[in-house]
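Below you'll find the structure, written out as structure tokens, and then a few comments.
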Amino acid sequence: MKKFFLSVYCCLILCAVFAQEDTVRYRLEDYGLHPNTRQNSSPLFVKALKEITRMHPKGKPLLLTLCAGRYDFYPEEATERSYYISNHDQDNPKIVGLPFEQLSDMTFDGQGADLIFHGRMLPVSLIDSRQVTLRNFHIDFESPHIGQAIVLENDTIKGTISLQMAPWMKYRIENGVFYHMGEGWEHNPGSGIAFEEKTKRIVFNTSDIEVKMRQVREIRPGIIQAGNWKNSKLVPGTVLALRGAGRPAPGVFVYHGTNILLERIAVHYAEGMGLLAQVTENIRLNKFSVNLRGPNDPRYFTTQADATHFSGCKGKIISTDGLYEGMMDDAINVHGTYLKVVGHKDDHTLVGAYMHPQSYGFEWGRSGDAVQFIAAKTMETVAPINYIERIKPVDRPTYDGAKCFEIVFKNPIDPIINEESAFGMENLEWTPEIFFANNVVRNNRARGALFSTPKKTVVENNLFDHTSGTAILLCGDCNGWFETGGCHDVIIRHNRFVNALTNLFQFTNAVISIYPEIPDLAHQTKFFHHGIVIEGNEFETFDSPLVYAKSVDGLLFKQNTVKHNDDYKAFHWNQSPFLFEHVKNVKIVDNQFDKGFNKASDVKYIGR
């Protein structure tokens, strides 16, 4: 599989080399974009791109370049677009700094440029485009929406905590309520993440912190005292990331893309995810990172949510040689979206609906796509696979913003499918193969990597270092986020896991959690996940749980090395290295354990 993915990449490189002779290069400085001026680059970029695409000869590859340096993008005179972005707030319009739309055979090379955004913006969008490469630039914000402070004093008896705010932060206090202020926005932080000052790791056993900043007084400029706040774990020297609730836009948004390459791009902050790609075929990330600006960066956080996220994609997702750190959620999440069956019009026609308020409004399916049906309570496939004859939105003129779709199927619908019971529809056409390799994931909230696809998934040669929760999660859910679906061919090999599970978050039952949401597991007769191999990995852990699996047929744990350390005190509720619910065909063979991990009693089956 690795050779296959690499051969595809080599072919892309050779094609690019042969195309260089015909490539037409445009230097954006010739169109008024100059670095280090602090002028508003938003209208200048749009004007330049419009002029270049108008005059560019058809059929010739296009190369856009920036000079190295800083470019500032402001909301004023920027492009406004209505984008419905999966797993983000559906507030429109979005204010876009660099809108790439309806392009083909185009490369944008920032040559190391710093793209600095102001206010609330979507930095880069790539829409309805094919054979496009974006490379060599940084994305950051002048005023991040996440605040930062260091604990100076913590009086747990009086219930007061004194904080020194980061020097770049602006704030105001009104009637005791603290407001973090930025360019055209302000909010009262409601939650936070605590980091160790020296290591930038998340503080042990703190998880999501309730931030109480409604009884605040200023001691002197930059130093405040918050009352009615007791948390003994926030010792002096702890660094807090102070979070709001919003996630309006990612750093890079790709929609309806084909053969996309994102290369040597660093997202240092975004108010949503670092990258969100949806309904896209074949996308490669090479040295795409969501990271700090080196060891001396005064910040401790990066993105408000996932580093990279792929929704309803197909073909191949290849992600290699990235650095993902300090984000407030996972390094990568790959899934589709279940539509819930809400109407049954006739024996060929169903009405399906997006159910989560942050995931709707984008294209779900096309004529000819294969659709699988699932019972939400047991997460079992039901009825034969069917095929879309026609699909149209019910509540909007187009799928932009639509929540409901009328779907006419090629074959009669099985009578078991109805709107009274809970059934979901999964589009099997828009499911990708995944290759996630040679990446570093560290010092982030929640989990390391999430995968939900029936196609082949290879996770190899990665370092998962203090991911705080589960390092790898195989999930599936037709009841909450409605994220599809079952994994059927997963290889997790030659990875190194260092001190995962220092905190508890959702789905964090073990270093590797195979954890679909199944409300009625007791009545499930089939299995949700199949064919999972965990081989040749190295686990370094202070606690017990290694693998948790639910509803799996075929799990091999082979030739792994497990080393115990005393870096933290064991605290996890699950003290079984292997904890299984409704699984079969499990093999645990040829592994090397220390400190008693190899006892037969360390494999525990619960339930059936």
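Numbers for the structure displayed
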item: Residues located in the range 202-239, provided they are under 24 Å from Trp573 (Cβ atoms) and free of Cβ contacts under 8 Å to residues at least 24 places away in the same chain; result: Glu210
item: Of all residues in the range 470-492 being assigned to a strand (DSSP E or B) and open to solvent by less than 10 Å² (accessible area, probe 1.4 Å), the one that is farthest from Val459 (Cα to Cα); result: Thr484
item: Some residue of the range 370-387 being part of a loop (DSSP other than H, G, I, E, B), within 17 Å of Gln278 (Cβ to Cβ) and out of contact with any helix residue (DSSP H, G or I) (no Cβ under 8 Å at 6 or more places or on another chain); result: no
item: Every residue from the range 280-292 that is open to solvent by 10 Å² or more (accessible area, probe 1.4 Å) and under 20 Å from Glu433 (Cα atoms); result: Glu281, Asn282, Arg284, Asn286, Lys287
item: The range 439-456, residues that are of a type in the set (S, T, N, Q) and under 19 Å from Ala500 (Cβ atoms); result: Asn439, Asn443, Asn444
item: Strands (runs of 3 or more DSSP E) (entirely within the range 297-349) containing at least 1 residues that are of a type in the set (D, E, K, R); result: 314-320, 323-325, 339-346
item: Meets criteria (open to solvent by 10 Å² or more (accessible area, probe 1.4 Å) and within 20 Å of Ala249 (Cα to Cα)) for Ser129; result: no
item: Qualifying residue in the range 163-174 (condition: small (Gly, Ala, Ser) and in contact with a His (Cβ under 6 Å, 6 or more places away or on another chain)); result: no
item: Qualifying positions in the range 342-379 - of a type in the set (D, E, K, R) and surrounded by fewer than 16 Cβ atoms within 10 Å (Cβ to Cβ); result: Lys345, Asp346, Asp347, Arg366
item: When residues of the range 554-594 are limited to those that are of a type in the set (Gly, Ala, Ser) and closer than 20 Å to Gly607 by Cα, the one surrounded by the most Cβ atoms within 10 Å (Cβ to Cβ); result: Ser576
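The values are calculated or read from the model by the stated rules, or taken from the named source; none is laboratory data. Here the structure is a predicted model, which is why all the values come from computation and not from measurement. Note that each Cβ is placed from the backbone with ideal geometry, even for glycine, and that neighbours are counted across all protein chains shown. Remember, those area values only see protein heavy atoms, side chains included, never the ligands or the DNA or RNA. Shrake-Rupley method; radii C 1.70, N 1.55, O 1.52, S 1.80 Å.
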